[in-house]
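**Q** The structure follows.
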Amino acid sequence: MPVASADAMRMPRRRSLWLPLGMLALLGLAALLMSVTWGSAALTLGDVWAVVRGEGSPLARTLILELRIPRSLSAFAVGGLLAVAGALMQVLLRNPLADPYVLGLSGGASVGALAAMLAGLGGALITGSAFAGAFLSTLLVFGLAHGTGSWTPSRLLLTGVVVAAGWGAVITLMLAISPAERLPGMLYWLMGDLSYARSPWPPLTLLLAICLLLVPLGRSLNVMARGPLQAAALGVKVRPLEWTIYLVASVLTATAVTTAGSIGFVGLVVPHMLRLVLGNDQRLILPACALAGGSLLVLADTLARTMIAPEQLPVGVITALLGVPTFLFLLYRSR
């Protein structure tokens, strides 16, 4: 009887976890289909199905297989990476306003990538430079925030804001001294641009791997969200977990910035919005952030491609236009 009653209690809990994730997965699939069919040259679902079967016109095959599907998958991966990174930073700092951009991770990655561009490097070297910039920002924030014996979330947040402002000044200096022929591309990249996103599989693989890695840590993250003292009292190794959260968020942010440039508000709005709807169980919030963040950025990129077609807007402009009023509305509701 006790075993049967325990199983009966687990089953509704599992259903409550899978139902919202299934709905968000359907939303992501719908967003991807919309992104593939919409554009300056409209396609139908029949055209997509014909290409999937190996048929269809050469133009449709080129649009779908070489342009739209890689870009849509890259947008989904970047949105998921940013949303999960934002959720982790909010758990670490116990502050709904925390995200990788506030704490300087994105600024460090951007400085590294722009330095590689100025040096005439490309490909994997830009990626490596972005990772180096993000990890340098991590070391700076943790090192400068370390006070007498330790650091506090408020000290870490303030240090991150100052470091982010410093990276912003360095970016401005780099833009001021960069050659005129490279300036437009660098500015467009800083606003967030998926036009030159390469293979979507590395960021997608990283997103899936990180979500699977964080599933066993869900209970510890739930305890951590209540504060380090409660977590330590319940047997959680607080300091290694804090470093793990920050390093994972650094990797996610660096990968997203390398793929699509600087895109704001995804890591800030998506976790905050999902917590208002789904609660604060990290076992549900983190995979939900991956799905919802990916869907949001796919829809934003579709809007950026079609709003003034055949011209394209930077996707970072769309996320800012959507994110600012959404976040203000969420703050108003949560008063």
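The values are calculated or read from the model by the stated rules, or taken from the named source; none is laboratory data. Because the structure is a prediction, the values reported are computed rather than measured. Ideal geometry is used to build each Cβ from the backbone, glycine not excepted, and the neighbour counts take in all protein chains shown.
**Q** Name the residues in the range 31-89 that are among the small types (Gly, Ala, Ser) and touching a Phe, Trp or Tyr at 6+ places or on another chain (Cβ under 8 Å), would you?
**A** Correct list: 31 only.
**Q** Hey, can you tell me all the residues within the range 151-177 that are surrounded by fewer than 15 Cβ atoms within 10 Å (Cβ to Cβ), of a type in the set (S, T, N, Q) and in a helix (DSSP H, G or I)?
**A** Once the filter is applied, which keeps residues that are surrounded by fewer than 15 Cβ atoms within 10 Å (Cβ to Cβ), of a type in the set (S, T, N, Q) and in a helix (DSSP H, G or I), the range 151-177 yields 154, 172.
**Q** Also: Taking residue 229 as the residue in question, decide whether it is modelled with pLDDT of 85 or more, in a helix (DSSP H, G or I), surrounded by fewer than 24 Cβ atoms within 10 Å (Cβ to Cβ) and not acidic (Asp, Glu).
**A** No, not satisfied.
**Q** On to the next question. With respect to the numbered conditions (1) out of contact with any helix residue (DSSP H, G or I) (no Cβ under 6 Å at 6 or more places or on another chain); (2) outside any helix (DSSP H, G or I), which one is the sole condition not fulfilled by residue 194?
**A** (1)
**Q** Could you check how many residues of the range 156-181 are at pLDDT 80 or above and either within 19 Å of residue 245 (Cβ to Cβ) or basic (Lys, Arg) (or both)?
**A** Adding up the residues that qualify gives 6.
**Q** Could you please give the count of residues in the range 304-316 that are in a helix (DSSP H, G or I) and over 16 Å from residue 74 (Cβ atoms)?
**A** Result for the range 304-316: 1.
**Q** Evaluate the following for residue 209: is it over 18 Å from residue 289 (Cβ atoms), small (Gly, Ala, Ser) and surrounded by fewer than 20 Cβ atoms within 10 Å (Cβ to Cβ)?
**A** Answer is no for this residue.
**Q** Further, regarding this structure: Quick check, is residue 206 within 21 Å of the chain's Cα centre (by Cα) and either at pLDDT 85 or above or polar (S, T, N, Q) (or both)?
**A** Against the criterion (within 21 Å of the chain's Cα centre (by Cα) and either at pLDDT 85 or above or polar (S, T, N, Q) (or both)), residue 206 qualifies.
**Q** May I pose another question? Filter the helices (runs of 4 or more DSSP H) completely within the range 21-122 down to those with at least 3 residues that are buried (at least 21 other Cβ atoms within 10 Å of the Cβ) and more than 14 Å from the chain's Cα centre (by Cα).
**A** Here the list reads 69-93, 105-118.
**Q** Let me ask something else. Tell me which of these residue 248 doesn't satisfy, since it passes every other one: (1) in a helix (DSSP H, G or I); (2) more than 22 Å from residue 124 (Cα to Cα); (3) at pLDDT 80 or above.
**A** (2)
**Q** Suppose the filter is touching a residue at least 24 places away in the same chain (Cβ under 8 Å) and of a type in the set (Lys, Arg); does residue 61 pass it?
**A** no
**Q** Of the residues that make up the range 74-92, is at least one touching a helix residue (DSSP H, G or I) at 6+ places or on another chain (Cβ under 6 Å) and at pLDDT below 85?
**A** yes
**Q** Considering only the range 63-107, state which residues are closer than 17 Å to residue 192 by Cβ and of a type in the set (Gly, Ala, Ser).
**A** Listed by number, the residues that qualify are 72, 74, 75, 77, 79, 80, 83, 85, 86, 106, 107.
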